[in-house]
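Take a look at the structure below.
The values are calculated or read from the model by the stated rules, or taken from the named source; none is laboratory data. From a predicted model like this one, the values you see are computed outputs, not experimental measurements. Here the Cβ positions follow ideal geometry from the backbone for every residue, glycine too, while neighbour counts run over all protein chains shown.
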Amino acid sequence: MLLINLEFLEQSILATMLEENYLIMDSQLKPEMFYGQHHRQLFILMQQLITEGHPVDYLTLSARFEQMETIGVTYLTELMMFANVEKFDDYAQLLREIWRERQKAQILFQAAEGDWAILQIIERLDNTQLEGNQIDTSITQNLVAMHNRPWEEVNTPGLIVPHIHDLASIIDGFRPGELTIIAARPSMGKTDVMNNIALQAGWQGHLPIIFSLEMSKTILLDRLIATTGHYSRLKMRNPKEYFSEEQKNKWMRVLEDVNKSSIHLDDRSSLTMPQIRSQARRIIRQNQNKTPVILIDYLQIIQTDGDYEHSAMAMGKISRALKQMAKEFNCPVICLSQLNRNVEARSNKRPLMSDLRDSGSIEQDADVIILLYRNSYYETEKTDAPDLLEFIVAKNRNGPTGLAKAIYNKKTGHIWTRSEINA
């Protein structure tokens with residue numbers, strides 16, 4: 001049964017590599033990790049083509065007649081049905097683990113036959129664990145690169161600086177490798193905050209990638225346009241009837257400004273973390289000249305691969321995967337989150353970090369946690385006038401916590417700083 005499963009596993013990995021050629025090298029797999037000899041030969045051939053600068057597909061592989069003779073050209077067409085980009089990372093990791101188990105069994109057999117010393121066995125087993133995961137652990141080169149640091153302008157590559165000055169003064173910016181959680185009660189303004197961050201990041205020259213699990217692409221685009229053009233979202237429902245001539249005349253300019261943000265938007269509603277990671281990686285590979293920022297709306301509706309007895313366990317797995325993705329892609333990951341109902345029962349309704357739904361793992365994994373609050377949200381008389389939006393920085397792993405304030409226009413979704421706001 002193991003061999004049958006391993007055959008399918010290797011077929012899926014190779015088929016996905018044929019579909020997404022960059023995975024051939026990025027996966028850091030080695031030929032010896034494949035159990036099937038024909039799969040090992042195919043992977044070697046794929047690596048050769050990449051090294052020579054060729055694409056890897058049916059035509060380029062079939063052109064290598066002698067090397068493909070033992071594999072069979074027709075096998076390539078059968079192979080393609082096993083491609084699964086979303087599962088690739090999990091499958092590649094599973095292949096490594098199976099290979100390590102084979103290596104351990106072989107080492108223990110050789111040790112028994114050769115009467116190896118304990119230290120020799122341990123050394124060989126340790127090398128097997130590190131195989132395929134070699135990293136440079138020395139700090140010398142890092143320190144050498146810092147020799148001129150006290151005399152240089154501070155420049156953090158990939159830093160996304162928020163346009164809200166009060167917030168920037170606390171968190172400095174959204175940093176590569178860090179996970180930021182922005183949490184609030186429903187309709188407090190989370191999505192508009194995300195949209196403003198995405199637009200500003202894009203205009204700064206970065207690559208915003210939005211995963212909108214709740215809103216459709218059409219609705220979110222309307223909100224991005226309304227925010228950029230300062231259009232009332234109510235009027236956006238029928239621009240021909242409700243727009244003024246001035247608003248209509250600037251329409252094309254607004255669309256151009258939104259397009260300049262270089263936002264990529266995936267609005268599939270039932271995404272898992274492997275699917276999010278796979279899609280993000282594809283977009284990043286296609287836009288290698290820009291630093292990405294990944295934004296997700298929102299945490300509690302990301303799908304899990306299995307059934308969990310407690311929702312906190314599911315949230316824990318997702319929050320860890322979000323942090324791992326930030327480190328893997330070396331980019332900021334900003335994820336929106338709901339707050340639980342506890343805040344509604346208190347007289348002081350400003351949220352606390354403990355109000356995060358299934359908060360334990362989120363508090364642990366997040367580098368920055370920002371809680372949103374508007375006093376007008378709880379007022380009985382509602383108005384459309386712009387009001388004060390508070391950014392409560394409840395956790396900041398690499399800096400201070402504190403309170404930032406901005407003006408929020410609920411009609412348009414636009415958020416901006418006013419110097420005359422009193423602290």
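The table below gives the values:
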item: Residue within the stretch 33-44 that is within 30 Å of the chain's Cα centre (by Cα), in contact (Cβ under 8 Å) with a residue 60 or more places away in the chain and surrounded by 15 or more Cβ atoms within 10 Å (Cβ to Cβ) present; result: yes
item: Residue under evaluation Ser270, criteria (1) buried (at least 17 other Cβ atoms within 10 Å of the Cβ); (2) among the hydroxyl-bearing types (Ser, Thr, Tyr); (3) modelled with pLDDT under 90, criterion not met; result: (1)
item: Any pair with Cβ under 8 angstrom, 6 or more apart, that starts in the stretch 226-244 at a residue that is free of Cβ contacts under 8 Å to residues at least 24 places away in the same chain and ends at one that is hydrophobic (A, V, I, L, M, F, W, C); result: Lys235/Phe243; Met236/Ile225; Met236/Ala226; Pro239/Trp251; Tyr242/Leu234; Phe243/Trp251
item: The stretch 282-298: number of residues that are closer than 17 Å to Gly177 by Cβ and buried (at least 22 other Cβ atoms within 10 Å of the Cβ); result: 5
item: Tally, over the stretch 156-180, of residues that are of a type in the set (A, V, I, L, M), in contact with a Gly (Cβ under 8 Å, 6 or more places away or on another chain) and either part of a loop (DSSP other than H, G, I, E, B) or not assigned by TED's automatic domain parsing to the domain that holds Ala366 (or both); result: 3
item: Qualifying positions in the stretch 343-358 - of a type in the set (A, V, I, L, M) and more than 24 Å from the chain's Cα centre (by Cα); result: Val343, Ala345, Leu352
item: Residue ranges of helices (runs of 4 or more DSSP H) in the stretch 222-313 with at least 1 members of a type in the set (S, T, N, Q) and assigned by TED's automatic domain parsing to the domain that holds Ala326; result: 245-249, 251-260, 273-286
item: Any hit, the stretch 229-251, residues being aromatic (Phe, Trp, Tyr), buried (at least 21 other Cβ atoms within 10 Å of the Cβ) and at negative phi; result: yes
item: Residue list for the stretch 1-59, restricted to those being at negative phi and polar (S, T, N, Q); result: Asn5, Gln11, Ser12, Thr16, Asn21, Ser27, Gln37, Gln41, Gln47, Gln48, Thr51
item: All positions within the stretch 337-353 that are outside any strand (DSSP E or B), touching a residue at least 12 places away in the same chain (Cβ under 8 Å) and not charged (D, E, K, R); result: Asn340, Asn342, Val343, Pro351, Leu352, Met353
item: Residues (at pLDDT 90 or above, among the charged types (D, E, K, R) and either crowded, with 20+ Cβ neighbours inside 10 Å or part of a helix (DSSP H, G or I) (or both)) located in the stretch 354-377; result: Asp365, Asp367
item: Residues located in the stretch 181-221, provided they are in a strand (DSSP E or B) and under 24 Å from Glu390 (Cα atoms); result: Ile181, Ile182, Ala183, Ala184, Pro208, Ile210, Ser212
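Quick grid of which residues meet (1) farther than 24 Å from Cys335 by Cα; (2) in contact with a strand residue (DSSP E or B) (Cβ under 7 Å, 6 or more places away or on another chain); (3) of a type in the set (Val, Ile, Thr):
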site	(1), (2), (3)
Pro150	yes, no, no
Ile164	no, yes, yes
Leu167	no, yes, no
Glu178	no, yes, no
Thr227	no, no, yes
Asn238	yes, no, no
Lys250	yes, no, no
